[in-house]
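This report refers to the structure that appears directly beneath it.
The values are calculated or read from the model by the stated rules, or taken from the named source; none is laboratory data. Since we're looking at a predicted model, the values are computed, not measured. Note: ideal-geometry Cβ built from the backbone for every residue, glycine included; neighbour counts use all protein chains shown. Keep in mind that these areas ignore ligands, DNA and RNA; they rest on the heavy atoms of the full protein, side chains included. Shrake-Rupley method; radii C 1.70, N 1.55, O 1.52, S 1.80 Å.
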Amino acid sequence: MRTVSEAARLVSRAGAVFDPRSRWLAVSRSMLALATLTEILFTSDSALFSDATGLTPGMQCDGVRALSLWCLDSDVTGHVLISRIVAVSILVMVAAGYRPRWTCIPHWYVTCSLTASMTVANGGDGAAAVLTLLLIPLCLGDDRVWHWAAPTRPLGAYWRGSAFAAQLVIRLQVCIIYTTAASTKLADPAWRSGRAFYFAANDPYLGIPTAASRLILPSLEAPWLIKTITWSVIAVQSLIALTIIGRRRMRAVAVVLVAALHLSIIAVMALPSFGLIMIAFALAAFGRNSAGTGVERREDHHHRGTSNRYRAVRSEPGG
């Protein structure tokens, strides 16, 4: 019971000094917006929203999905183009870092709309929808014009608490994602045997692109290399799940591992948006431990100086 109460005090103390307004969050938001932006700009409507027959439009607009940006005003001619323009405008503002307080909810709406309306959304799109939702409590208290600028005044106590709670959920979410990824692979005989990466690399749709396959695939014929790569993926994902919920240095290790894993996937299997989204997720989970604005440091320094002078006066004779 004592351990639980001590842990609660530590969490409360950390939340009281937490400030999410860091460059890590800025890079995470911009990278996340760019990943979704590349999908919209470089993927045709027929690929994004094709139905089972390959016809367009085939966006999913049933039930709650009817609230998607791509499903609003669906009777209007050119509504898909209008939705694209709106989505691109919002994502460009987020990527540039403009007004985090006012763009965080539209960012979530655009990302969630795309994920809901796409015929086949990948895991990265789903992760982006979750992350943009969790970033809202971290951004609503941010009154800066640009998220790249250093904060000039302290964050309010209410926003500190809600941002810290969201930060913990982001770390837990990353832990769940990679724990699930590693455990699912361990349940698959192909992964346990060490052959899964060979099958994935030769997949006609998600495997190594044709341009690179001639160089890479012949080297994958060596059984020891295939087993090493296959099991290293499981090991890295397990290590990410363990370190992302640890202290700052451990979370830094997790960020490096996530970046190395997904940059490798981008280089070998050409999945840029998925990789950028997962790296952005790790950066958001990394966060920062305490408030660090110049105003807060000056106020804290002034407060300590005032307290020291007060104690000095009290210690003098007659004080």
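Looking across the stretch 148-183, just one residue is open to solvent by 30 Å² or more (accessible area, probe 1.4 Å) and of a type in the set (Lys, Arg), and that is 153. Annotation: of all residues in the stretch 247-281 being in a helix (DSSP H, G or I) and charged (D, E, K, R), the one that is least open to solvent (accessible area, probe 1.4 Å) is 251.
Contact map, the stretch 33-47: residues that are modelled with pLDDT under 90 paired with residues that are part of a helix (DSSP H, G or I), Cβ distance under 8 Å, separation 6+ or inter-chain. Pairs shown: 45/80. In the stretch 172-196, the residues that are within 23 Å of residue 244 (Cβ to Cβ) reach residues that are open to solvent by 70 Å² or more (accessible area, probe 1.4 Å) with C-beta atoms within less than 7 angstrom, at least six apart or across chains, in these pairs: 172/245; 175/245; 186/192.
Please determine whether any residue of the stretch 51-61 is crowded, with 16+ Cβ neighbours inside 10 Å and at pLDDT 90 or above. No: zero hits.
Looking at the structure I just gave you, is residue 212 surrounded by 12 or more Cβ atoms within 10 Å (Cβ to Cβ), under 29 Å from the mean Cα position of the chain (by Cα), modelled with pLDDT under 85 and not basic (Lys, Arg)? Spelling it out, residue 212 is indeed surrounded by 12 or more Cβ atoms within 10 Å (Cβ to Cβ), under 29 Å from the mean Cα position of the chain (by Cα), modelled with pLDDT under 85 and not basic (Lys, Arg). The number of residues in the stretch 251-292 that are in contact with a Ser or Thr (Cβ under 6 Å, 6 or more places away or on another chain) and more than 22 Å from residue 135 (Cβ to Cβ) comes to 1.
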